[in-house]
Structure formats: structure tokens, C-alpha cells
Amino acid sequence: QAQLVESGGGLVQPGGSLRLSCAASGSIFSIDRMGWYRQAPGKQRELVASITSGGSTNYADSVKGRFTVSRDNYKSTVLQMNSLKPEETAVYYCSCTADGPVRRTYWGQGTQVTVSS
């Protein structure tokens, strides 16, 4: 069974840091891109950061200089979030796009990040 699991969410004070991890398991192979998205209450899901199999990264303008996305191996990714702001409270989702019999995108269930004092 294919599975994509996020971890590392929680409560953090403004200005604090969190590290989110995501790992693919099961029948997910040949992963190309892995990315992080977030969705705050009442808002649409937005891209936070992504990384390709070749190591190219992309960041939302709002997080540049504060967040760093990396890839531990071909099936995992880490999002280091620094100087967190209250408005960044959201559910953070991991995704990956993989090649198999057909190219498809997988999504994790999300992990809650709450930035509050």
C-alpha cells in the first residue's frame, strides 16, 4: 500500500522553529518532486516549498529566507521552518509525484502547525 506520512507539527511560539518530515512508503517509487503545501482555515491550499529529484527547490515568496526544504533520499523530504509567524498557522501537507504504471501525485493526511503565544 502506498503511504505518505508527515510528522513534526505542533505548537510553537512566534519566532520559533519547527522541522517537518515526510516519508513515502509502500508502493511509491520513482519519485520526482516532493513538496509541502499548507491550508489555513478559510483559505485555499498553497505551495510552501518543493524539491525535485535533481535538487532544484522552489519557495513561496512569503517563506524565502526562513524556510528550507531538503531531501534526505529519494523517498523523504524535510521542511525546516524558522521565524514562524502566527499567520502561518495551518495544516501542512506533504506531496510527491511519482512515475509508475502511470504518473500520479500522492498526498499525506497533513500535520497541524500552530504558531501562537
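The values are calculated or read from the model by the stated rules, or taken from the named source; none is laboratory data. If you're wondering where the values come from, they're calculated on a predicted model, not measured in any experiment. With ideal geometry, Cβ positions are generated from the backbone for all residues, glycine too; neighbour counts draw on all protein chains shown. Just the protein is used for accessible areas: all its heavy atoms, side chains included, with ligands, DNA and RNA removed. Shrake-Rupley method; radii C 1.70, N 1.55, O 1.52, S 1.80 Å.
Matching residues to (1) touching a residue at least 12 places away in the same chain (Cβ under 8 Å); (2) of a type in the set (S, T, N, Q); (3) touching a helix residue (DSSP H, G or I) at 6+ places or on another chain (Cβ under 8 Å):
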| residue | (1), (2), (3) |
| --- | --- |
| Ser50 | yes, yes, no |
| Val69 | yes, no, no |
| Thr77 | yes, yes, no |
| Gln80 | yes, yes, no |
| Thr105 | no, yes, no |
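Of the strands (runs of 3 or more DSSP E) lying entirely inside segment 28-114, the ones with 1 or more residues being modelled with pLDDT of 95 or more, open to solvent by 20 Å² or more (accessible area, probe 1.4 Å) and among the aromatic types (Phe, Trp, Tyr) are found at 31-39, 57-59, 90-98, 104-107.
Here Pro14 clears all of (1) open to solvent by less than 40 Å² (accessible area, probe 1.4 Å); (2) touching a helix residue (DSSP H, G or I) at 6+ places or on another chain (Cβ under 6 Å) except the condition numbered (1). Exactly one residue among Gly42, Gly26 is more than 23 Å from Ser116 (Cα to Cα), out of contact with any helix residue (DSSP H, G or I) (no Cβ under 7 Å at 6 or more places or on another chain) and free of Cβ contacts under 8 Å to residues at least 40 places away in the same chain, and that residue is Gly26.
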